[in-house]
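Please treat every number below as a calculation from the coordinates, not as lab data. Keep in mind the model is a prediction, meaning the values are calculated, not measured. Cβ coordinates were reconstructed from backbone atoms using ideal geometry, including for glycine residues, and neighbour counts include every protein chain displayed.
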Amino acid sequence: MRPSVIVVALGMAAACGGLVYMQATRQSTDATAGPAASGAQASREGSAAATESSGPDAAASSTNSNAAMETAAAAQNDDDAIAASKASRPDTVEQWIKDTQDSDPKIRAAAIAKLANAPKAQALPALKNVLETGEPDIDRHIALNSLHTLALRDGDKNGQVRDVMRSAIYHSDNDGVMQTAQSLLDDVEAALSEPPPQKN
């Protein structure tokens, strides 16, 4: 074989070997970069998905915050309305008697207590009604205290106040009311049985 043919053959073999090496290197690089690229793409997709999924939560949070603010504002308006209603009530015995039947326990309690300062003829029927129909744990106890004050202030010559208190003892369906009525009645009896102080 001629030397020139050998040189050409060796050159072609070297060129083919170089092409094979380059192809193998490129495939290896692609195989290594593939997972990384896929990971980056997956990370970008995950981030986008997270942003999209957090979007409704953020919107819901904003909606809940707005709802809470609206509820607080409505409650404040209700409080203002109640305060205005209380301020507009006339401070009269007739209004106190009417307020003993109010749905607001604070208004009821204040009215029942105020009846201790009303004329006995007006206060007595209203306080008797409270003892018969009022809320046992609060309203009836306040009514008994108001009766006690009336009896000690004005006296009870005809026994009407003490009769109402006795009725609470004998006809009440609440043990606490019965005990309070008995205690206050005993106090009234003792106070009214004392002789009036002598004037010099």
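Values computed for the structure shown
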{"item": "Positive-end extreme of charge dipole, region 98-200 - chosen from N117, N129, V161 (charges on Cβ)", "result": "N117"}
{"item": "Cα gyration tensor, region 87-133 - rounded (a/c under 1.5), prolate or oblate", "result": "oblate"}
{"item": "Proximal charge balance of A191 [Cβ under 14 Å; K/R count +1, D/E count -1]", "result": "-3"}
{"item": "Nearest-20 debye value, region 93-200 charge dipole, Cβ charges on Lys, Arg, Asp, Glu", "result": "440 debye"}
{"item": "Theoretical FRET efficiency, 1/(1+(r/R0)^6), r = Cβ-Cβ of D175 and K98, R0 41 Å, to 0.05", "result": "0.85"}
